[in-house]
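The values are calculated or read from the model by the stated rules, or taken from the named source; none is laboratory data. The model shown is predicted, which means the values in this text are computed figures rather than measured ones. Reconstructed Cβ throughout: ideal geometry from the backbone, glycine too, with neighbour counts over all protein chains shown. For accessibility, only protein heavy atoms count, side chains too; no ligands or nucleic acids. Shrake-Rupley method; radii C 1.70, N 1.55, O 1.52, S 1.80 Å.
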Amino acid sequence: MIPRIGELLTSGSALDLIAGVLLLGGGAAFALCAVALSFVDLAEHRLPNRILYPWGLTALGVLVAVTLLTGALDGLLRALAAALIWGGAFLLIRLAHPPSIGMGDVKLVAVLALYTGFLGWTTVLAAVVLAFLLGGLVAAGLLITRRAGRRSRIPFGPFLILGAAIALIIS
């Protein structure tokens, strides 16, 4: 079972305290990288590797360290599986129909799946559903108001990030 941050920070154990602080740092990395990537994607329709790769390595490092400190191996294994499944699904979509999704989105979902997968499959599913729901609602609104057409490109990265953030918060 994955201990919650509050439990880790207040347990009285030095190892738990370190794990809690690491998770807080991982959350700070999430916030910083999520905001930066959202602004870039909205402005340029791309998600740069110079942000994605360090973020992914940081997330993985934090989760490995927390696993070593808490012994919660199930969370790390689930996070890795979620990254492979969600990232693999997006890669298949990218290969089948390249204009529909960018490679930045493929890499982004792998990073987001590390975070959400660590907490549980329900969190992963909520992130995916929320991302598509939010993206679809905004796209429909843009179509209805004629601010976008059928061929308009709408960056999906901010919706992926927002869906994952909401899923993490409610979990």
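Just reorder 138, 111 by solvent-accessible area, largest first, 1.4 Å probe, all chains present. Walk me through the intermediate numbers first.
On the way: 138 60, 111 10 Å².
Of 138, 111, the descending order of accessible area is 138, 111.
Here, the range 1-117 has an Rg and a Dmax of 15.7, 52 Å when only alpha carbons are counted. Kindly provide the pair-distance distribution of the range 57-104 built from C-alpha pairs, with 10 Å bins from 0 and whole-percent values in order of increasing distance. Binned Cα distances yield the sequence 26, 37, 23, 13, 1. The simple spin-label model puts a point 7 Å past each Cα toward its Cβ; for residue 45 and residue 147 those points are separated by 1.7 nm. Of the trypsin sites (Lys or Arg not before Pro) in the range 105-171, the ones in a loop by DSSP (not H, G, I, E or B) with at most 12 other beta carbons within 10 Å are 146, 147, 150, 151, 153. Among 99, 48, 155, the residue with the largest mean-square fluctuation in a Gaussian network model of the chain, with springs joining Cα atoms closer than 10 Å, is 99. Heavy-atom accessible area with a 1.4 Å probe sorts 74, 105, 16, largest first, into 74, 16, 105.
Under the rule a/c < 1.5 gives rounded, and otherwise a/b versus b/c splits prolate from oblate, where does the range 96-171 land using the Cα gyration tensor?
Working: a/c = 3.06, a/b = 1.63, b/c = 1.87.
The shape class here is oblate.
Calculated [222 nm] ellipticity per residue, helices only, for the chain: -27500 deg cm²/dmol; basis is -39500 (n - 2.57) per DSSP H run with n ≥ 4, divided by all residues, nearest 500.
Under a Cβ-Cβ cut-off of 12 Å, what is the net charge of the residues other than residue 161 that fall near it, where Lys and Arg count +1 and Asp and Glu count -1? Could the numbers behind the result be given before it?
On the way: positive: none; negative: 41, 105.
Charge balance in the 12 Å sphere: -2.
Our summary gives the range 1-83 a relative contact order of 35 percent, counting only alpha carbon pairs under 8 angstrom and 6 or more residues apart. Split the accessible area of the chain by element, probe 1.4 Å, and carbon with sulfur accounts for 72%.
For the chain, what is the accessible area per residue in Å², given a 1.4 Å probe and the full set of protein chains? The partial results should precede the final answer.
Working: 9280 Å² over 171 residues.
Computed with neighbouring chains in place, this is 54 Å² per residue.
Put a dot 7 Å past each Cα toward the Cβ at residue 14 and residue 28; how far apart are the dots in nm? For residue 28 paired with residue 14, the spin-label model returns 2.2 nm.
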